[in-house]
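Please read the structure below before turning to the comments.
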Amino acid sequence: MSTIFSKIIAKEIPADIVYEDDLVLAFRDIAPQAPVHILITPKKEIPTANDVEAADEAVLGRLFTTATQIARDEGIAKQGYRLIVNCNEDGGQEVFHLHMHILGGRSLGPMLAKK
Ligand code: 5GP
């Protein structure tokens, strides 16, 4: 299933791209929830975390090394940040093209909202 992120990767619709290589694209979230809110997505269409395969290990590793580099570039590495991958309904996933959120630039509070 093709999503809005596939269109961003194909440059069919604009995004504020901060990093790109052969495996991943990183761009600023359209509705940021923190001063730094960037999405890092594999160029390969992997719908959810449930669809990850052993053959995807290289691209999944690239998500992390890209997050590390972005945290440094955005000046949030020392203070800290949060990496999030949402999956399906209970995880609150809205776009079904696997992506990692990098959030920082303020204290993010508890990991989950209190019930
Ligand atoms: P999810 O809930 O799937 O983990 O997160 C999807 C994220 O994508 C949301 O934070 C949402 O604001 C962001 N988003 C949705 N559509 C667009 C878009 O067209 N452009 C950008 N840059 N971000 C988007």
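Listing for the model above:
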| quantity | calculated |
| --- | --- |
| Test: A113 is of a type in the set (A, V, I, L, M, F, W, C), within 16 Å of the ligand (Cβ to nearest atom), open to solvent by 60 Å² or more (accessible area, probe 1.4 Å) and at negative phi | yes |
| Residue in region 27-41 that is farthest from the ligand (Cβ to nearest atom), counting only those that are within 17 Å of K11 (Cα to Cα) and open to solvent by 60 Å² or more (accessible area, probe 1.4 Å) | R28 |
| Output for region 1-26, where each listed residue is away from the ligand (no atom under 14 Å from the Cβ) and farther than 30 Å from R106 by Cα | D22 |
| Residue match in region 64-81 (condition: of a type in the set (K, R) and surrounded by 12 or more Cβ atoms within 10 Å (Cβ to Cβ)) | no |
| Matching entry among E57, E45, E89 (being open to solvent by 70 Å² or more (accessible area, probe 1.4 Å) and assigned to a loop (DSSP other than H, G, I, E, B)) | E45 |
| Subset of region 23-42 [in a strand (DSSP E or B) and touching a residue at least 40 places away in the same chain (Cβ under 8 Å)] | V24, A26, V36, H37, I38, L39, I40, T41, P42 |
| Residue under evaluation I76, criteria (1) under 17 Å from F27 (Cβ atoms); (2) more than 15 Å from the ligand (Cβ to nearest atom); (3) of a type in the set (A, V, I, L, M); (4) in a helix (DSSP H, G or I), criterion not met | (4) |
| Looking only at region 5-22, and only at residues there that are surrounded by 17 or more Cβ atoms within 10 Å (Cβ to Cβ) and not in a helix (DSSP H, G or I), the one that is nearest to the chain's Cα centre (by Cα) | V18 |
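The values are calculated or read from the model by the stated rules, or taken from the named source; none is laboratory data. Keep in mind that what you see is a predicted model, and the values were worked out from it rather than measured. Virtual Cβ from ideal backbone geometry, glycine too; neighbours counted across all protein chains shown. What goes into the accessible areas is simple: the full protein's heavy atoms, side chains included, and nothing from ligands, DNA or RNA. Shrake-Rupley method; radii C 1.70, N 1.55, O 1.52, S 1.80 Å.
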